[in-house]
Amino acid sequence: MATKIILILVVCRIIVTFGLTLNPSELLGDLRISLNPTELESASHDFGGQNRAEPMAIFHPKSADDITRLIQAAYESAHGFTISARGHGHSINGQAHTKNGVVIQMSGSKQLVEPRVDETLRYVDVWGGELWIDVLNYTLRYGLAPKSWTDYLYLSVGGTLSNAGISGQAFNHGPQISNVYELDVITGKGELRTCSEKQDSELFHAVLGGLGQFGIISRARIALETAPQRVRWIRVLYSNFSSFTHDQEYLISLHSQPSALKFDYVEGFVIVDEGLINNWRSSFFSPSNPVKISSVVGANGGVLYCLEITKNYHQSDAHTIDQEVEELLKELNYITATEFTTDLPYVDFLDRVHKAELKLRSKGLWEVPHPWLNLFVPKSRIDDFDKGVFRGILGNKTSGPILIYPMNKNKWDERSSVVTPDEEVFYLVALLRSALDNGEETQSLEYLSDQNRQILRFCDDAEINIKQYLPHYNTQNQWMDHFGDKWPMIYQRKMEFDPKHILATGQLMFQPNFRTYTGSM
Ligand code: FAD
């Protein structure tokens, strides 16, 4: 079988190189390899819109066994080829690309493997390419839902578990990778293995946050809870950064309290100009609920901070929600009269960013370059970061939302492949900017990319030990710096699970080491 796949891929390469019109499906039997130019083009790009890398072919698996056969072919051949799983292609820097290799299209094949809910043990088994929105819609049929989320649900399970998967619930439940019971993984040697805390635990922890380096997740068993019915969603403003972070840190310190005594979600964002109303995450501030920013801007260089919190509830508890929220808000020090509250179904809250996406798409503003930068900043240096970046480098323009929220490190499992700062509390700072080609210099890709470089340089010079989330590096030395003390473990895991460095070459962490390998990543 391995020889057959290699032969097919060699023919594919010839077809692409010489532009022949031979239909590869005649050669492939039951393996679905596509050379369709539209599909190749689409897999050459991602949400970041800054890199292009064309694969040799696209592979549409019908099962985990299909993936196993493909990887075995690459592994067993001296002339192998590289392979990247692609979820929904929402990376920023080509992380799911593989130039001249094979992209496995994990998402998009509807009901490839039907999800399966266990109502007693409260978990769902899903295909690795399943989108979180579909996981949610499926589990809701049982009145259940996953506990930990990302802000946007059109991301694949395998894609977010390869990073961490974070949102405002992470302070309480940990990231998505802390809410997985079991995985089926196809390693870089083409072995299909079931792993968990107890079984094959090294592989389990390697793959979680593993950036696709150690195996392809074909099935994930995800922890569920009773799905709330409604959400009370509150935003309050601060002009003083210390008060803002003090309150955020206080709220996440309540994580071990009974649910009535804490919020379910804690996030926040920075407002550095009058772009609040234009900010695509801010449809919340509707014209019927206007904020006169100028009336609340303090002596802080015009920067405001918005705390965003929610409380979930069931219809049957509706009579206590007002009081619970009031008690919690009493402890906070936001600017009086800047409290904005709305109440909506749980699903609408979770799917909030999709609404913004539809609006942006209708204006042609979704498929633009996204030079996003996501950083984990240690709590002890968040004030310095504020002075140097929000009130320094950014000037008075944002070009997109800037999220900031703290998390508790004790909700993260040190055995996973993710690296976070070495402090009990650290912040996510997410600069989610869109570049526009409208002649305005401050919105151009070059300008925003340069600002990102300045921010990284500033952190370096000021010795703020940030870690990149959804990291992007170009050399192995940079990756070694990123992983720090964890690098020997990462290296060891790679040697064990993907010794030929076949997988996820778009991360630029390891060079493929086929004996006769001639292509480039
Ligand atoms: P891809 O981009 O397709 O893949 C990402 C990496 O994972 C690649 O290296 C790929 O090879 C690997 N991979 C993909 N599938 C598998 C698999 N089955 N097995 C093994 N490796 C695999 N992240 C958050 O944590 N929180 C957020 O709130 C959040 N919001 C976002 C909002 C938007 C609009 C966007 C575009 C991204 C957001 N992200 C967020 C980032 C997101 O988690 C990453 O982009 C992630 O990569 C998921 O995207 P994807 O499923 O498209 O994966």
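The values are calculated or read from the model by the stated rules, or taken from the named source; none is laboratory data. Small disclaimer: the values here were computed from a predicted structure and weren't measured. We place every Cβ from the backbone using ideal geometry, glycine too, and count neighbours over all the protein chains shown. Side chains included, ligands, DNA and RNA excluded: accessible areas come from the protein's heavy atoms. Shrake-Rupley method; radii C 1.70, N 1.55, O 1.52, S 1.80 Å.
Neighbours of Gln451 by Cβ distance under 11 Å: Lys/Arg scored +1, Asp/Glu scored -1, total +2. Could you tell me which of rounded, prolate or oblate describes the stretch 345-475, using a ≥ b ≥ c as the square roots of the eigenvalues of the alpha-carbon gyration tensor, with rounded for a/c under 1.5 and, failing that, prolate when a/b is larger than b/c and oblate otherwise? It comes out oblate by the Cα gyration axes. Per residue, the solvent-accessible area of the chain (1.4 Å probe, heavy atoms of protein chains only, all protein chains present) comes to 41 Å².
With all protein chains in place and a 1.4 Å probe, the accessible surface of the stretch 101-192 carries 47 percent carbon and sulfur.
With both residues required to sit in the stretch 69-158, DSSP beta bridges show an antiparallel share near 50%. Couplings 3J(HN,Hα) of the stretch 258-268, computed from phi: x, 4, 5, 9, 8, 7, 9, 8, 9, 9, x Hz, in residue order, whole Hz [Karplus 6.51 cos²θ - 1.76 cosθ + 1.60, θ = phi - 60°; x for Gly and Pro]. Spin-label model, Ser362/Asn438: points 7 Å from Cα along the beta carbon direction are separated by 1.7 nm. Rounded to the nearest 0.05, what FRET efficiency do Gln315 and Ser196 have when you use their Cβ-Cβ distance and R0 = 35 Å? With R0 = 35 Å, the Cβ-Cβ based efficiency is 0.45.
Take the Cβ-Cβ distance between Arg52 and Arg116 as r, set R0 to 35 Å, and report the resulting FRET efficiency rounded to the nearest 0.05. The value I calculate is 0.35.
Backbone amide hydrogens, once placed in the peptide plane, bring Ile92 within less than 5 Å of Gly48, excluding anything fewer than 5 places away on its chain. From the P(r) of the chain, could you give the percentage of C-alpha pairs in the tail past 31 Å? Within the chain, distances greater than 31 Å cover 46 percent of Cα pairs.
Scanning residues 5 or more positions from Ala85 or on other chains, those with amide H under 5 Å from its amide H are Ile104, Ala504, with H placed 1.01 Å from N in the peptide plane.
Counted residue by residue at 0.36 nm each, then reduced by the alpha carbon distance between them, the extension gain from Ile393 to Gln257 reaches 45.1 nm.
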